[in-house]
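What follows is one structure encoded as structure tokens, with my remarks underneath.
The values are calculated or read from the model by the stated rules, or taken from the named source; none is laboratory data. Please read all numbers here as calculations on a predicted model, not as lab measurements. Note: ideal-geometry Cβ built from the backbone for every residue, glycine included; neighbour counts use all protein chains shown.
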Amino acid sequence: MQTFDVIVVGSGAGGGIYAKVLTEAGARVLLIDAGGHNIDKDIRHHQWPWQLPQRDQYRGDAEYTVRLQTKYYVPGKGAQTRATTFDGSAHNTYYNDHFWAKRRDWKYTYPKDKPYRWVRVRALGGKTNCWDAGAARWGPLDFKPATYDGYDVDWPVDYAEMAPWYTKTEQLIGVSGGPDTHSEHCPTGSWLPPMAGRCGELRLANAAAKNFGLFSFGSPKAAITRNYRGRPACHFCGPCHYGCDSGSKFTTIGVLLPSALATGKLTIRMNTIVGSVLTTSDGLARGVSYIDRYTFRQGEAYAPIVVLAASAIETARLMLNSKSSRFPNGLANSSGQVGRNLVENITASVSGDLPDFQDREVINEDGWGMGLMIAPFVNVDEKSRNKNFIRRHGLTLHSGFGMGAGGGSSRYLFGEDQKRDVRRWYGTNISVAGQGEGIQNPNNFVDIDPEVKDAWGIPAARIQLTFGENEQKMVENITAWGIKLIEAAGGEVKGWTASPSIPGGSIHEQGTCRMGDDPKKFVTNRWGQCHDIKNLLIGDGALHPTCSIGDPTLTIMAVSMRNAENLVKLVRNGTLKT
Ligand SMILES: Cc1cc2nc3c(=O)[nH]c(=O)nc-3n(C[C@H](O)[C@H](O)[C@H](O)COP(=O)(O)OP(=O)(O)OC[C@H]3O[C@@H](n4cnc5c(N)ncnc54)[C@H](O)[C@@H]3O)c2cc1C
Ligand code: SF4
């Protein structure tokens, strides 16, 4: 039997960092993932929608498709309902059942009136394969939010402690942005130069600066604008969330796993679904039990240290499913907090167009869609305190010709008239988008459904998350700013989001095993080590006590790097045995 020092469950952003840091420190690591290595053949780059096998018309699994609704306001028409359908795929471009976790097999439940869009990837590298790679740092107030507004809890670490870990992570994965944010609320990182702003974005940025004193900068993105550490610079093809065939965007399989494998210390077991954590009679973790995704063969793997990095909801599900007489409420759950505090940011946007851009010359304005960013400026000090909501949001400015000419003026036209109309309006679109912090709510949590099991017989997660008054007011503030910016830029507003995004819609779920010093209130200590089981660590966004304005992945990686290096110290000084 092969022996390992550490088992890491999940090879996404958090698990990938653990695998790299631990193997480079000499540990024998078993990395287990429920997915396979299949992204390369699924990449749909450099193809137009009409070249795709189903012309971008994938219809989903009707029986398991849920309709999710948001409100959108259109001037002259009033509030409209917009529906998104969801069967497990985040978008329609991969026509397969092996990459996205489809709801039919990978079951989960939610209260009938509170649908949750839980996007999961089952592939080596997890969601980093298809993420958009937005990688802004969180600032001092994001780590100490309760100190500012008195709500909920602070993080056990502050920005000063996290800053060097952000730098180390950025230098490892390659991030472009800035060049300078001029704001401590979105601190400047160790960045390669940003992608240049597009025409409409620069128009919005100038209007923001001139009329409101707001500074814009290139949105930080974990993709490289220069050749960097053996990876080629981005060629600005655009659809990064399909996967990046040049490897310019950071992924776990492109950056972290190759160096971990090069140590000779990493064993990867793919298509292997972990169902629970095994424990010893004295209450320590001793390994995991698993089932093969395709053959259904069951097995166990053993190691003196176990790290769970299966993503926030799945990690909580694993712990709650690991019940025993010693841990009747699930593993490391003496606080009762495993699965509680599920949280994610909201998104909202305002769209418009610039009439004086009509009929402009068509130029190449492809490139990634991160646009320019404005750092949080509401609720950042006494002067900017908002009476209607707590916490912060950040804005991004977008424009460009993009892929597909769009709908023209949206009038019903045919033939030549329609072509002329589409050409006239192509490239006039602009938008202001916002991501804002969702706040903790005792009614938002994940637990285990007492009846439903997934296709492998593992009890399913039951997820409950709704947004409240605070998120609604924040959406109103984001859209009010979006309208002001578009109008100040000389644009016409076409519509805006009138309700918080669909729960799960941001794909940024966090908070189900929060870290903190008090074992009665938090699941792990400040190093991601479970208070109840010192050789069980959490390595994903489940640790985050709050979710900040959005884009959690850089922080997941920086926290994982800090905690993985601490784990190496604990083993070396004999506190933990391997
Ligand atoms: C389309 C899209 C765009 C995104 N854009 C951004 C962005 O711009 N910025 C940002 O910050 N974030 C973005 N995200 C979110 C980002 O991808 C996640 O925050 C990040 O990947 C989370 O890392 P993780 O390690 O917690 O989980 P994941 O990356 O999901 O990895 C978890 C891994 O665990 C495996 N696993 C799960 N359960 C089990 C089990 N029981 N047994 C074994 N293995 C298991 C999965 O197969 C998976 O490989 C985006 C996500 C998507 C889908
Ligand atoms: S735009 Fe750049 S980072 Fe995005 S997929 Fe294309 S090459 Fe990769």
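Side notes on the structure shown:
- When region 197-237 is filtered for residues that are within 13 Å of ligand 2 (Cβ to nearest atom) and aliphatic (A, V, I, L, M), the ones remaining, listed by number, are Ala222, Ala223, Ile224, Ala233.
- In region 494-512, the residue that is modelled with the highest pLDDT out of those that are within 17 Å of Gly88 (Cβ to Cβ) and among the hydrophobic types (A, V, I, L, M, F, W, C) is Ile507.
This table checks each residue for (1) surrounded by fewer than 24 Cβ atoms within 10 Å (Cβ to Cβ); (2) over 21 Å from Leu68 (Cβ atoms); (3) of a type in the set (A, V, I, L, M).
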{"residue": "Ala83", "(1), (2), (3)": "yes, no, yes"}
{"residue": "Arg117", "(1), (2), (3)": "yes, no, no"}
{"residue": "Ala133", "(1), (2), (3)": "no, yes, yes"}
{"residue": "Gly139", "(1), (2), (3)": "yes, yes, no"}
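- Filter pass, Ile483 being β-branched (Val, Ile, Thr) and either within 16 Å of ligand 2 (Cβ to nearest atom) or in the same structural domain as Asn329 (by TED's automatic domain parsing) (or both): no
- The condition (being surrounded by 22 or more Cβ atoms within 10 Å (Cβ to Cβ), away from ligand 2 (no atom under 16 Å from the Cβ) and under 21 Å from Gly436 (Cα atoms)) is satisfied by just one residue among Thr512, Thr524: Thr512.
- Boolean, Phe236 is in contact with an Asp or Glu (Cβ under 7 Å, 6 or more places away or on another chain) and within 28 Å of Met373 (Cα to Cα): yes
- Applying the set (1) buried (at least 22 other Cβ atoms within 10 Å of the Cβ); (2) among the aromatic types (Phe, Trp, Tyr); (3) out of contact with any Lys or Arg (no Cβ under 8 Å at 6 or more places or on another chain) to Phe467 leaves exactly one unmet item: (1).
- Contact map, region 490-506: first residue in contact (Cβ under 8 Å) with a residue 24 or more places away in the chain and acidic (Asp, Glu), second residue part of a strand (DSSP E or B) and crowded, with 20+ Cβ neighbours inside 10 Å, Cβ cut-off under 8 Å, separation 6 or more or different chains; pairs are Glu492/Gly352; Glu492/Asp353.
- For region 45-60, a residue qualifies if it is modelled with pLDDT of 70 or more and crowded, with 16+ Cβ neighbours inside 10 Å, and exactly one does: Gly60.
Table: residues versus (1) over 28 Å from Asp292 (Cα atoms); (2) near ligand 2 (Cβ under 9 Å from one of its atoms).
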| site | (1), (2) |
| --- | --- |
| Pro239 | yes, yes |
| Gly243 | no, yes |
| Gly247 | yes, yes |
| Thr251 | no, no |
| Ser259 | no, no |
| Thr267 | no, no |
| Met270 | no, no |
| Ile273 | no, no |
| Ser281 | no, no |
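- Single match in Val475, Val493 (criterion: crowded, with 20+ Cβ neighbours inside 10 Å and over 23 Å from Glu437 (Cα atoms)): Val493
- Remark: pairs (first residue in region 440-460, β-branched (Val, Ile, Thr); second residue not in a strand (DSSP E or B); Cβ separation under 6 Å; 6+ apart in sequence or on different chains) = Val446/Ile313; Val446/Ala316; Val446/Gly339; Val446/Leu342; Val446/Thr512; Ile448/Leu320; Val452/Lys107.
- Residue list for region 134-169, filter: more than 21 Å from Asn441 (Cβ to Cβ), in contact (Cβ under 8 Å) with a residue 60 or more places away in the chain and in contact with a Phe, Trp or Tyr (Cβ under 7 Å, 6 or more places away or on another chain): Arg137, Gly139, Val157, Met162
- Whichever residue in region 525-562 is within 13 Å of ligand 1 (Cβ to nearest atom) and of a type in the set (S, T, N, Q) and, among such residues, is nearest to the chain's Cα centre (by Cα): Thr553
- Members of region 209-239 that are farther than 22 Å from Phe401 by Cβ, away from ligand 1 (no atom under 16 Å from the Cβ) and buried (at least 22 other Cβ atoms within 10 Å of the Cβ): Phe217
To keep it simple, each residue is scored yes or no on (1) surrounded by fewer than 24 Cβ atoms within 10 Å (Cβ to Cβ); (2) part of a loop (DSSP other than H, G, I, E, B).
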position	(1), (2)
Thr295	yes, yes
Ala301	yes, no
Ile313	no, no
Arg317	no, no
Ser335	yes, yes
Ala348	no, no
Gly352	no, no
Asp356	yes, no
Asp366	yes, yes
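- Test result for Gly367, at pLDDT below 95 and more than 13 Å from ligand 1 (Cβ to nearest atom): yes
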